[in-house]
1. Suppose we filter segment 90-110 for residues that are surrounded by fewer than 21 Cβ atoms within 10 Å (Cβ to Cβ) and either among the aliphatic types (A, V, I, L, M) or part of a strand (DSSP E or B) (or both); how many remain?
2. Among residues belonging to segment 27-48 that are touching a residue at least 40 places away in the same chain (Cβ under 8 Å) and touching a Gly at 6+ places or on another chain (Cβ under 7 Å), point out the one that is farthest from the ligand (Cβ to nearest atom).
3. For the subset of segment 142-165 comprising residues that are in a loop (DSSP other than H, G, I, E, B) and at pLDDT below 90, which member is most open to solvent (accessible area, probe 1.4 Å)?
4. Out of GLN110, GLN71, which single residue is away from the ligand (no atom under 14 Å from the Cβ) and within 16 Å of the chain's Cα centre (by Cα)?
5. In segment 77-88, is there at least one residue being within 14 Å of the ligand (Cβ to nearest atom), in a helix (DSSP H, G or I), open to solvent by 50 Å² or more (accessible area, probe 1.4 Å) and more than 18 Å from PHE136 (Cβ to Cβ)?
6. Going through segment 111-132 one residue at a time, which ones are within 20 Å of ALA170 (Cα to Cα) and open to solvent by 60 Å² or more (accessible area, probe 1.4 Å)?
7. Condition check: surrounded by 16 or more Cβ atoms within 10 Å (Cβ to Cβ) and of a type in the set (Gly, Ala, Ser). Does GLY227 satisfy that?
8. Could you grab me the full set of residues in segment 1-25 that are buried (at least 24 other Cβ atoms within 10 Å of the Cβ) and within 8 Å of the ligand (Cβ to nearest atom)?
Amino acid sequence: MTWHILGGGSLGCLWAARLQLAGQPVRLILRPAALERFQAGANQLLFTDLQQQQHALTLPAENATASPPIQRLIVATKAHAAACAVADIRHRLHPSSQIVLLQNGIGSQQEVAALVPDLQVIIASSTEGAWLQAPFNCVHAGNGHTQMGSLHSHGTAPDWLATLQQADIACQWQHAILPVLWRKLAINCLINPLTVIHQCRNGELAQHAEHINLLATELQHLLQAVGQSEAAQDLPTTALQVIHNTAANHSSMWQDTQQGRRTEISYITGFALQQCQLQGLNCPQLTALHRQLQQHLRQRGLPDH
Ligand code: NAP
């Protein structure tokens, strides 16, 4: 059964390469300009794995308007592009299609699920790291794992999960994926915006531990209010641990701003703030952080949403 991968950025290329190396049939779905670029390079995807081994892979690609039906779709766009991308391809989905969403943050998953209410939507939360040294030249930079689960608690693990695991793609099924998303959201809220505001690597945030603690307290209140108390446990300590463990890294939001790309702010601090408002929570620290980040983005000529 073919895997269709929507989006040929860092994570789309990572998944495409690993699936193809595992002997799975893969097709990329690209926008017209990206498709043209890929075809001009003879449909070649270069992939450097975690052992620094390079692979030159050739794989088929098409745009969304092609007609063959899609059984398994991996959506590898940024959060703000996911719903639009799925809407463009909806005509190729049918009741037994499965969609895997790789987006960071929270909110885009619900947007996609609302577009295809009858289909199985699987949410993935990944700690892997991949980047492109050139278009369709992907480096698997960070060893991580991917947790997958259904947005609805009744979802069961798909039969292909074992195939991925046998191919050494580190992934596991989570019966409750929302706590995983919330925990990651909270950590992202504590790290990503501050790396943009202070223009620094993750490690330098250790100097801002007091500010991080204040923000973490508000986020803990939010997590408790939305029924995610477990995700609230030890949040400040975990955030400081992540900062320590990833000291040399640049956050994804920092990288986006450096490369003049739209950030996923609306699905990180934007989502957290919206939820605080829905819960009637006062969150002055988070509000100030979000506004400061928006101001920073505007100064760089980037969208503030
Ligand atoms: P990325 O490199 O910016 O790739 C996104 C790709 O989506 C771009 O190549 C873009 O192509 C494509 N795209 C957008 N709309 C499309 C559409 N309608 N049809 C087809 N392609 C479309 O982003 P990324 O780093 O792979 O991240 C993807 C998601 O994974 C994000 O939510 C990110 O936070 C999350 N994530 C990433 C990593 C990582 O290490 N990279 C790790 C964990 C989670 P165009 O060239 O056409 O714009």
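1. 6
2. Step by step, filter segment 27-48, then rank; the result is PHE38.
3. Checking each candidate, the answer is HIS154.
4. GLN110
5. yes
6. Of everything in segment 111-132, those that are within 20 Å of ALA170 (Cα to Cα) and open to solvent by 60 Å² or more (accessible area, probe 1.4 Å) turn out to be THR127, TRP131.
7. Answer is no for this residue.
8. Selection gives LEU6, GLY7, GLY8, LEU11, GLY12, CYS13, LEU14.
The values are calculated or read from the model by the stated rules, or taken from the named source; none is laboratory data. Here the structure is a predicted model, which is why all the values come from computation and not from measurement. Please note: Cβ atoms are built from the backbone with ideal geometry, for glycine as well, and neighbour counts cover all protein chains shown. Please note that ligands, DNA and RNA were not included when accessible areas were found on the heavy atoms of the full protein model with its side chains. Shrake-Rupley method; radii C 1.70, N 1.55, O 1.52, S 1.80 Å.
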